[in-house]
1. Can you tell me the relative contact order of the chain? Whole percent, Cα pairs under 8 Å, sequence separation 6 or more.
2. The range 1-94: which trypsin sites (Lys or Arg not before Pro) are DSSP loop and have at most 14 other beta-carbon atoms within 10 angstrom?
3. Which net charge results for the neighbourhood of ALA28, defined as the other residues with beta-carbon distances under 10 angstrom from its beta-carbon, given Lys and Arg at +1 and Asp and Glu at -1?
4. Hey, what angle do you get for helix 26-39 against the long axis of the chain, alpha-carbon based, 0 to 90 degrees rounded to 10?
5. Would you compute, from DSSP H runs of 4+ residues alone, the mean residue ellipticity of the chain at 222 nm, taking -39500 (n - 2.57) per run and dividing by the full residue count, rounded to the nearest 500?
6. Please give me the summed charge of the neighbours of LYS93: other residues whose Cβ is under 15 Å from its Cβ, Lys and Arg +1, Asp and Glu -1.
7. Loop-only GluC sites (Glu not before Pro) in the range 17-66, please: DSSP not H, G, I, E or B, and at most 16 other Cβ atoms within 10 Å.
Amino acid sequence: MGKKISYCGIDCSQCEEHCATMKRDTAAFEDLVAYWRQEYPNATRDEIACYGCREEGDNVFFLCHRCIIRTCARGRGVNTCAECKDYPCEALKAHLALFAEARRALEQERERIQSE
């Protein structure tokens, strides 16, 4: 797999929070802080920063930190949901209904795994 995708299939290189954090793009990051604080006024800069959902502790974007898909995938020890024997579960189906690119990424990964 050439690109880094999250457990749920989101391409990290397309995630604004991840990109601003990894590039240390202060202007872009401050725009994201302002955006997220509109809905989550108490969100801290550390909670908005994202180093990728496979990170431990508090280095994960706050919505991903409490994501049930992430929790499940970590508990099952899979790199992505495409590796899971229960693919696609109900939680993942709801997520993929909103993120077509994530669905395509997981389907491609699943095809790759099955062809090995």
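All of the numbers you see were taken from the coordinates with simple rules; none came from a lab. Small disclaimer: the values here were computed from a predicted structure and weren't measured. Note that each Cβ is placed from the backbone with ideal geometry, even for glycine, and that neighbours are counted across all protein chains shown.
1. That works out to 28 percent.
2. Passing sites in the range 1-94 are LYS3, LYS4, ARG24, ARG66, LYS85.
3. -3
4. Taking the Cα atoms of the chain, the angle to 26-39 is about 80 degrees.
5. Rounded to the nearest 500, it is -15500 deg cm²/dmol.
6. 0
7. In loop regions of the range 17-66 (DSSP not H, G, I, E or B), the sparsely surrounded GluC sites (Glu not before Pro) are GLU55, GLU56.
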